[in-house]
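*Asks:* Before anything else, here's the structure in question.
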């Protein structure tokens, strides 16, 4: 009876709102699959996570497409609240039954709503961060920028959209980073790669998890293919560092990429944890 009431509640919350934009995903997920996404946010976007001035006082963290079970949303809420205890968190799913299954886990700070790329925010709500992982890979490439724009409409100025793909256990993933500008436009800042260095490191591990706007462009003549060629070259040239482990090898390969002219974020706190961020500032050749 409780499950029926939750399903009815999920459907009622849809009434009077725009129909969710998107398609139902397979919904497969696993505990801690997106742990390293949360780690990146705590390392590189700590100010944004904790920011409490003005509209950010109630700025939400939004998890779009959390899947058949709300693991990722609940785990992110716990991690990010170590920095911002009052952080409101919203899990969004396009399948009513999935929302109904998540509603028993809701509380005054954690919400689950029926929706899609047109994020289901109530009047007065805006998002500081929107995460959409393992969602857009099932779509045609032509849909990607439109989905970004829809999600971006819900972001506060300075807010972040992180959209990407991970392997089933979150050991490797790649994501687009897009920032909401003061004028309302959404700017692609760069491409972020994540590699759990406890399981080794090779650039080829990251190719299968490229976001939708890159995955079909790994062919000669495409900028993303040229980048991976450079990364593999940097990997080979720094192989002697592998004798000390994957971590120093990863760091030195990143430094070698920077020497080649790739605009890489060389902050040790990112590199030593297996995060490689390529900035698009002055690197338009890597733009999607």
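*Asks:* Of the residues 74, 55, only one is over 26 Å from residue 277 (Cβ atoms), modelled with pLDDT of 60 or more and touching a helix residue (DSSP H, G or I) at 6+ places or on another chain (Cβ under 9 Å); which? Write out each step before concluding.
*Replies:* Values: 55 fails: touching a helix residue (DSSP H, G or I) at 6+ places or on another chain (Cβ under 9 Å).
Step by step, each of 74, 55 is checked, and only 74 is over 26 Å from residue 277 (Cβ atoms), modelled with pLDDT of 60 or more and touching a helix residue (DSSP H, G or I) at 6+ places or on another chain (Cβ under 9 Å).
*Asks:* I'd like the full set of residues that are in a loop (DSSP other than H, G, I, E, B) and surrounded by fewer than 21 Cβ atoms within 10 Å (Cβ to Cβ), limited to region 90-106. Working first, answer last.
*Replies:* Of the residues in region 90-106, the ones in a loop (DSSP other than H, G, I, E, B) are 94-95, 106.
Within region 90-106, 95, 106 qualify.
*Asks:* Right, next: Give just the number: which of (1) modelled with pLDDT under 95; (2) in contact with a strand residue (DSSP E or B) (Cβ under 9 Å, 6 or more places away or on another chain); (3) outside any loop (DSSP other than H, G, I, E, B); (4) surrounded by 16 or more Cβ atoms within 10 Å (Cβ to Cβ) does residue 6 not satisfy?
*Replies:* Residue 6 satisfies every listed condition except (2).
*Asks:* In the set 205, 126, which member is surrounded by fewer than 21 Cβ atoms within 10 Å (Cβ to Cβ) and either without any contact (Cβ under 8 Å) to a residue 40 or more places away in the chain or under 22 Å from residue 29 (Cα atoms) (or both)? Give the derivation first.
*Replies:* Details: 126 fails: either without any contact (Cβ under 8 Å) to a residue 40 or more places away in the chain or under 22 Å from residue 29 (Cα atoms) (or both).
On inspection, the qualifying residue turns out to be 205.
*Asks:* Out of all the residues in region 238-253, which are assigned to a helix (DSSP H, G or I) and surrounded by 15 or more Cβ atoms within 10 Å (Cβ to Cβ)?
*Replies:* Looking only at region 238-253, we keep the residues that are assigned to a helix (DSSP H, G or I), and these are 239-244, 246-253.
Within region 238-253, 241, 242, 246, 247, 248, 249, 250, 251, 252, 253 qualify.
*Asks:* Here is a further query. So in region 258-280, with the set limited to residues that are in contact with a strand residue (DSSP E or B) (Cβ under 8 Å, 6 or more places away or on another chain) and outside any strand (DSSP E or B), which one is modelled with the lowest pLDDT? Steps first, answer last, please.
*Replies:* Within region 258-280, the first condition is being in contact with a strand residue (DSSP E or B) (Cβ under 8 Å, 6 or more places away or on another chain), and the residues that meet it are 258, 262-265, 270, 274-280.
Filter once more, so that each one left must be outside any strand (DSSP E or B): 258, 262-263, 265, 270, 274, 280.
On the way: 258: 97, 262: 95, 263: 95, 265: 96, 270: 98, 274: 98, 280: 76.
Within region 258-280, the match that is modelled with the lowest pLDDT is 280.
*Asks:* Might you check whether a residue that is over 30 Å from residue 250 (Cβ atoms) and surrounded by 21 or more Cβ atoms within 10 Å (Cβ to Cβ) occurs anywhere in region 79-89? Give the steps one after another, and end with the answer.
*Replies:* Quick first cut of region 79-89, residues over 30 Å from residue 250 (Cβ atoms) only: 85-89.
Imposing the further condition that a residue be surrounded by 21 or more Cβ atoms within 10 Å (Cβ to Cβ) reduces the set to 87, 89.
The answer is yes, given that some residue of region 79-89 is over 30 Å from residue 250 (Cβ atoms) and surrounded by 21 or more Cβ atoms within 10 Å (Cβ to Cβ).
*Asks:* Let me ask you something else. Can you spot a residue in region 60-75 that is more than 14 Å from the chain's Cα centre (by Cα), within 22 Å of residue 177 (Cβ to Cβ) and outside any loop (DSSP other than H, G, I, E, B)?
*Replies:* Taking every residue of region 60-75 in turn, at least one turns out to be more than 14 Å from the chain's Cα centre (by Cα), within 22 Å of residue 177 (Cβ to Cβ) and outside any loop (DSSP other than H, G, I, E, B).
*Asks:* Filter region 221-241 for residues that are touching a helix residue (DSSP H, G or I) at 6+ places or on another chain (Cβ under 7 Å) and more than 11 Å from residue 202 (Cα to Cα) and give the result. Let's see the steps before the verdict.
*Replies:* We begin by selecting, within region 221-241, every residue touching a helix residue (DSSP H, G or I) at 6+ places or on another chain (Cβ under 7 Å); these are 223-224, 227-228, 230-232, 234-235, 237-238, 241.
Scanning region 221-241 gives 223, 224, 227, 230, 237, 238, 241.
*Asks:* Which of (1) over 23 Å from residue 32 (Cα atoms); (2) part of a loop (DSSP other than H, G, I, E, B); (3) touching a residue at least 12 places away in the same chain (Cβ under 8 Å) is the odd one out, the single condition residue 82 does not satisfy?
*Replies:* (1)
*Asks:* From 235, 286, which residue is crowded, with 18+ Cβ neighbours inside 10 Å and at pLDDT below 95? Talk me through it step by step, then tell me what you get.
*Replies:* Values: 235 fails: at pLDDT below 95.
Criteria check complete, one pass: 286.
*Asks:* Moving on. Can you tell me which residue is nearest to the chain's Cα centre (by Cα) among those in region 94-117 that are touching a residue at least 40 places away in the same chain (Cβ under 8 Å) and under 17 Å from residue 130 (Cβ atoms)?
*Replies:* Of all residues in region 94-117, those touching a residue at least 40 places away in the same chain (Cβ under 8 Å) come to 94-101, 103-104, 112-117.
Now restrict to residues that are under 17 Å from residue 130 (Cβ atoms): 94, 112-117.
Numbers: 94: 18, 112: 18, 113: 19, 114: 20, 115: 18, 116: 15, 117: 14 Å.
Residue satisfying both the conditions and the ranking: 117.
*Asks:* Please determine whether any residue of region 150-168 is surrounded by fewer than 23 Cβ atoms within 10 Å (Cβ to Cβ), out of contact with any strand residue (DSSP E or B) (no Cβ under 8 Å at 6 or more places or on another chain), under 23 Å from residue 42 (Cα atoms) and touching a residue at least 12 places away in the same chain (Cβ under 8 Å).
*Replies:* Within region 150-168 (the criterion being surrounded by fewer than 23 Cβ atoms within 10 Å (Cβ to Cβ), out of contact with any strand residue (DSSP E or B) (no Cβ under 8 Å at 6 or more places or on another chain), under 23 Å from residue 42 (Cα atoms) and touching a residue at least 12 places away in the same chain (Cβ under 8 Å)), the answer is yes, since at least one residue qualifies.
*Asks:* Specify which of the listed residues (251, 262) is over 18 Å from the mean Cα position of the chain (by Cα) and under 27 Å from residue 158 (Cβ atoms). It would help to see each step written out before you state the result.
*Replies:* Numbers: 251 fails: under 27 Å from residue 158 (Cβ atoms).
Answer to the selection: 262.
The values are calculated or read from the model by the stated rules, or taken from the named source; none is laboratory data. As the structure is a prediction and not an experimental result, all values here were calculated from the model. Using ideal geometry, Cβ is built from the backbone for each residue, glycine included, and neighbour counts are taken over all protein chains shown.
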